[in-house]
Amino acid sequence: MQWLYSFAEQASSAGWLHPSLAYAFMVNALVAACLLGPLLGGLGTMVVAKRLAFFSEAVGHAAITGIALGILLGESPDSPFIGLFSFCLIFALLLHYVRNRTQVPYDTLVGVFLAIALALGGALLMYVAKKINIHLLENVLFGSILAVAASDIIILLVVGSVLCVLFMLCYNRMLLAAISPDIAKVRGIAVVLLDYSFVLMVTLVTIISVKVIGAILVGALLLIPAATARLLCRTNAGFVICSAVIATISCLLGTLLPMRLDLAIPSGAAIILLAGGFFLMANAYQILCKRGN
């Protein structure tokens, strides 16, 4: 990363880049946005296709409990990754396991699991808040992309690369399994294995996104860009590309605009508000097109 910091500093001094990019934390923030945007946008298309919006939101909120557990176990409040990963993974796999073995409607089941996780997380956070600086918890809950360190960039790059490879290799089979599980089974596709693989992918992307978007809002960035792209695109390739572009632009603008406009808005909230703005514009475009026809 040092070469990138040096390049940004020299380019800023020469007037090629904005002066704020002379600082390492701004470079880290923009690199994180460029890595996370395509990943969340691309994976979000499968969340929409599989109708798992509520599930992704539940995993994001379950991260609150995982964070509290990690801190209680002695992890740093800035990066309680072990507790976060362990609880989110257990939560997601258990939810998916029970889903296939109960007659309770899936949305009801997710709601029950979500309520339990939130209640447990709220109780633990109240206890944890007495021991640490509450502002550290705010960064984890609502995101602080300007606090991303070089080590976080490395984690994003490694995990993101693995997830991108898996997503590209499995996308067509996952899509077929989502649209018609029976046809997928006839063609010899391991539907159950793909379902659990997707659960794992959503869990991992939630964990690596927490510091940037925040535990409360990460599910929204999985959903909103993909929902927007669904309104604008008719092909699967266009769907994935458009979703990734919208998520990336939202991440970049959500990082830069609050600083330029001197707004005291958490980065996670700014990113989601911008993504929501794109969604509203896409809906307005659809309404105008229908009226024109």
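The values are calculated or read from the model by the stated rules, or taken from the named source; none is laboratory data. None of these values were measured; they are calculated from a predicted model. Please note: Cβ atoms are built from the backbone with ideal geometry, for glycine as well, and neighbour counts cover all protein chains shown.
Here are the numbers for the structure shown:
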{"item": "Breaking point among (1) buried (at least 17 other Cβ atoms within 10 Å of the Cβ); (2) modelled with pLDDT of 85 or more; (3) among the small types (G, A, S), for G238", "result": "(1)"}
{"item": "Helices (runs of 4 or more DSSP H) contained entirely in region 19-101, each with at least 2 residues that are of a type in the set (A, V, I, L, M) and out of contact with any helix residue (DSSP H, G or I) (no Cβ under 7 Å at 6 or more places or on another chain)", "result": "81-99"}
{"item": "Hits in region 215-234 (condition: over 13 Å from A53 (Cα atoms) and surrounded by fewer than 24 Cβ atoms within 10 Å (Cβ to Cβ))", "result": "I216, R230, L231, L232, C233, R234"}
{"item": "Failed criterion for A49 (all others in (1) in contact with a Pro (Cβ under 9 Å, 6 or more places away or on another chain); (2) touching a residue at least 12 places away in the same chain (Cβ under 8 Å); (3) aliphatic (A, V, I, L, M) hold)", "result": "(1)"}
{"item": "Any hit, region 248-265, residues being at pLDDT below 85 and of a type in the set (S, T, N, Q)", "result": "yes"}
{"item": "Members of region 52-85 found to be among the small types (G, A, S) and either in contact (Cβ under 8 Å) with a residue 24 or more places away in the chain or under 27 Å from A226 (Cα atoms) (or both), listed by number", "result": "A53, S56, A58, G60, A62, A63, G66, A68, S79"}
{"item": "Test: residue in region 270-278 that is more than 30 Å from L125 (Cα to Cα), buried (at least 18 other Cβ atoms within 10 Å of the Cβ) and of a type outside the set (S, T, N, Q)", "result": "yes"}
{"item": "Among the residues listed as I216, I224, the single one being part of a loop (DSSP other than H, G, I, E, B) and touching a Phe, Trp or Tyr at 6+ places or on another chain (Cβ under 8 Å)", "result": "I216"}
{"item": "Test set (1) at pLDDT below 80; (2) surrounded by fewer than 23 Cβ atoms within 10 Å (Cβ to Cβ); (3) closer than 22 Å to L156 by Cα - A14 fails condition number", "result": "(3)"}
{"item": "Unique match (being within 15 Å of the chain's Cα centre (by Cα), touching a residue at least 60 places away in the same chain (Cβ under 8 Å) and over 26 Å from V27 (Cβ atoms)) among L221, L217, L200, L252", "result": "L200"}
{"item": "Failed criterion for V112 (all others in (1) at pLDDT 80 or above; (2) within 15 Å of I207 (Cβ to Cβ) hold)", "result": "(2)"}
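Every residue, every condition in (1) surrounded by 15 or more Cβ atoms within 10 Å (Cβ to Cβ); (2) modelled with pLDDT of 85 or more; (3) of a type outside the set (A, V, I, L, M, F, W, C), yes or no:
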site: L146; (1), (2), (3): yes, no, no
site: D152; (1), (2), (3): yes, no, yes
site: L166; (1), (2), (3): yes, yes, no
site: D182; (1), (2), (3): no, no, yes
